[in-house]
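Take a look at the structure below.
Just so it is clear, none of the values below were taken in a lab; they were calculated from the coordinates. All values derive from a computational prediction rather than experimental measurement. Every residue, glycine among them, receives a Cβ derived from its backbone with ideal geometry; neighbour counts consider all protein chains shown.
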Amino acid sequence: MSKLNNPSKIYLAFVFIVLYAPIFYLIFYSFNSGGTMSGFEDFTLEHYAAVFNDTRLIIILLNTVIIALLSSFISTVIGVLGAIGIVFLRNRKTRSAVLSLNNILIVSPDVIIGASFLILFTLVGVKLGFASVLISHIAFSIPIVVIMVLPKLMELSSSLIDAASDLGASKRDILTRVIIPYIKPGIFAGFFLALTYSLDDFAVTFFVTGNGFATLSVEIYSMARTGITLTINALSALIFIITLALVVGYYVFNQRSRQIAETRGGQS
Amino acid sequence: MKDIIRISIVLLAVSGLLLYAVSLLERSSATTGSGTISVFNWGEYIDPELIEQFEEETNIQVVYETFASNEAMMTKIEQGGTSYDVAMPSEYAIEKMKESDMLLPIDHSKIPNLENIDPYFLDLPFDPGNEYSIPYFWGTVGIAFNPTLLEDGQTFESWDDLWDPALSQEVVLVDSAREVIGMGLNSLGYSLNSTDMDKLREATEKLKTLGPNVKAIIGDEIVEMMRREEAAVALTWSGQAADMMWINEDIDFSVPQEGSNLWFDNMIIPATATNVEGAHAFINFMLDAEVAAQNADYVGYSTPNEAATELMDPEVIEDERFYPPEELRGRLEVYENLGLEMLGVYNEFFLEFKMDMEN
Amino acid sequence: MENSSKRPIYLLPYYLWIALFVITPIALVAYFSFFDLSGNLTLENYRNFFTSVYLRMTLSSFWYAFLITLFSILIAYPTAYLLTKTKHKQLWLLLIIIPSWINLLLKTYAFIGIFGLYGPANQFLEFLGIGQQQILFTDFSFVFVSVYIFIPFMILPIFNSLDKLNPALIDASRDLGASSWTTFRRIIFPLAIGGVKSGVQAVFIPALSLFMITRLIAGNKVITLGTAIEQQFLVTQNWGMGSTIAVFLILFMFIIMMLTGQRDKGGTTNVKTK
């Protein structure tokens, strides 16, 4: 299966090294007793201890994860349905108009999105905090999901759908048995990039948050003036390791359960 | 389809569990007290131990939120939707907030510790009689430099020293129109509150000749750059210079003779505050000599609290670079609120300077 | 499908989203763009935009967004292609995305360290005998870090469109004597074009409004429209001018959308018209 020749392997290795270099740099300095990301002095675990002693930081971290997971999930659902709707638009002009509207939030600078959402929320009377942050994250993640799902949908030939429909499949069946399985890779891509959007956002969250609710990005950016502490490095290192373990663990678990299912299927 | 449903269920379950964990943590960290106050401050601009101490002493719970710029903070307070009881803006922001009726007057009778503050820092032009604000930290704008990277005997007694051809690609400037244009004005002997277009034009033209020496115009990263000896000279605030020296002891700081800026971060009570009593209690607590000393130790900026300075390490207090004597202070100017129009003009000139550098 | 005039219920959230969170910001931005600092109705902001400063800024924004997109494609395409051939491709793909979940500001600080005069990058150059170089605050570092940020947004869609390529098609092309290059040009490339277009939309458009790293990595030696908007909103507090620049950004986006528009008329409809 793995038919990569050596130059290809070297190329991929290079890409991965570059992608992970800044993260290893951060992790390296999280063990620095010197207190900053310059001049490594001695090895220490004090910054890790500081993470666990800081209840506020842990609450912020958990909130960040909750917002990221929920907003990515909901925006994926809305985005996928929206993309399906766009594809079925007959009129090309309407379709491209809707697509352009879709992309407006991607091109708008965060400050503008943040400020206009804030105005919107105060007009409607939404209490700033968890709910307003969640809604905003859903809002700015939807377009990326649509963009990721669309090419897969475009490929899906309507003859397949027509065939299914001729065979008496209901609309619901067509959606769950034909469309969704086919565009699954696009759905996952959209979900993961929505996670990226949510975890990275600072400006929008800052404007729409309130009543003590904060995410990690807001906390980190506001530290910039007096210097980001290595506690944040240690926290990032922990996040990174845990994420990696979860992803690899889930993958292995999935592979194994699939293998078991396959062998069982073969036996019967 | 089946795996999508399974993953969705897992996701929702995990989110639910985390929500539960947060509620547990919040309950355990909450002291059962009389009311809460929300404090809105720069990140890492207070010793977190002091917040706990305040909570224990007063039974008032502190909700702590942070901001990264005065302007963003003002937008949040003005727009409402969430209320803050105490915030720590810079002096020019206080003037603006006062104009827009965004502040509550401070009842001095509830702040007995106000007497700890050095009278020099009270009754300043941006807030006569300290009706709306109480000093938190203060500082100057000057030149941080690393003598080990420079020719022997290089000093920065004058702003013009920045134009020294030996400093090619060695100077980093802070990304702020008032500071950079103000430096240009100061170097010509003008006031840094000048609104005279000819003087501003002259200052900008002079700044353009600084271009070859400028390595970069950056924000808070300036501290990291200097610590790592990426740059030898920086135009920056004294607080940031102190942060640099804390790690890299080679660095020195100088406020040029022509004069410079004197800045303040003050505590204020926004008009939207819901716990005004608690806000006063918090401000008074922060002015306590021991508390202020501990806070100044943690943050590393200059404190206006005279009683606190007596408790601090004399070496810090006698350092004239950060606690300049009165005669030097006389040459410093506090920023006046020039109004948004003029701020726009400053920024246009600053942009012109930056664009000129690009080529 | 059946009568498309009947809007299905499942589309409701999406259209609600467009109405609330897309139309509102545009309406506000358009509205603000007609006011000056003192709140008077004016077209002054639009006139200002057509001064040399902003036109130059527009050009340089487009130039850098173009460079960033180009290099993203050049790096992402082979990466995505090679990933489709690995054994555990889904896992590798996830490993491409994971770094993007670590806070951007922190990673940018790490890059400041890596590209610094005494950082690992320069140590490597010295090891190679090239000697110390100023990497930080150059066009190179700016484009490099931008590509770093955007690369997952390019790899994912390209991977998805390449992954489903029928290997039989490639084998057939090979069997018919086509060279690797011809196979790529005639079979692989056209089939993956949908993914590339998605990637371009997810990279070029936001690259136009990049702001933070213009300061952190380029030291303000690169100034983009995004930086200008940020400044107008947060420093000068001239929401009018900031909004005007945003109006133009949105216009540019519409033009790009028209250019990269799906010209295949959509797989779903054109089959019927044939």
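Observations
- Each residue, A:F14 and B:K110, gets one label point 7 Å from its Cα in the Cβ direction; the gap between the two is 6.6 nm.
- Take each peptide in B:102-110, B:17-25, C:18-26, A:67-75, count the other Cβ atoms within 10 Å of every residue, and average; sorted highest first, the result is A:67-75, C:18-26, B:102-110, B:17-25.
- For the listed residue pairs B:K96/B:K199; A:K184/C:K164; B:K206/B:K354; B:K354/C:K107, the alpha carbons are over 22 angstrom apart in B:K96/B:K199; B:K354/C:K107.
- For chain A: rounded, prolate or oblate by the Cα gyration tensor [a/c cutoff 1.5]: oblate
- Chain C: C-alpha gyration tensor shape, a/c 1.5 cut-off, then a/b vs b/c: oblate
- Phi-based couplings in Hz for the range B:165-179 (Karplus 6.51, -1.76, 1.60; Gly and Pro marked x): x, 5, 8, 3, 6, 10, 9, 10, 10, 7, 7, 8, 4, 4, 5
- Span from the the range B:1-16 Cα centroid across to the the range B:286-308 one, whole angstrom: 51 Å
- Residue order, fewest to most beta carbons within 10 Å, for C:H88, A:H137: C:H88, A:H137
- Where GluC sites (Glu not before Pro) fall in DSSP loop in the range B:231-306, at most 12 other Cβ within 10 Å: B:E249
- Rounded if a/c under 1.5, otherwise prolate or oblate - the range B:122-277, Cα gyration tensor axes: oblate
- Reachable lysines, given that their alpha-carbon falls under 27 Å from the alpha-carbon of B:K98 and they are not under 8 places away in the same chain: A:K127, B:K76, B:K110
- Shielding by other protein chains, B:88-101, mean Cβ within 10 Å: 0
- Distance between modelled label sites at B:D47 and A:D166, nm, 7 Å Cα→Cβ extension: 8.1 nm
- Inter-chain Cβ neighbour count for B:17-26, averaged per residue, equals 4 (cutoff 10 Å, partner chain atoms only).
- Mean per-residue shielding of peptide C:15-24 is 6, counting Cβ atoms of other chains within 10 Å of each Cβ.
- With a Förster radius of 56 Å applied to the C-beta separation of A:A245 and B:D152, the computed FRET efficiency comes to 0.55.
- By the helix-only formula, in which each DSSP H run with n ≥ 4 contributes -39500 (n - 2.57) and the sum is divided by residues, chain A has a 222 nm mean residue ellipticity of -26000 deg cm²/dmol.
- Between C:A30 and C:F254, the simple label model (points 7 Å from Cα in the Cβ direction) yields a spacing of 0.8 nm.
- HN-Hα J in Hz across the range C:57-68 - Karplus 6.51, -1.76, 1.60, θ = phi - 60°, x for Gly and Pro: 5, 4, 4, 5, 4, 5, 4, 5, 4, 4, 4, 4
- Here the 3J(HN,Hα) profile of the range C:150-164, calculated from phi with Karplus coefficients 6.51, -1.76 and 1.60 at θ = phi - 60°, is 8, 4, x, 5, 9, 5, 4, x, 5, 4, 4, 7, 7, 4, 7 Hz, Gly and Pro shown as x.
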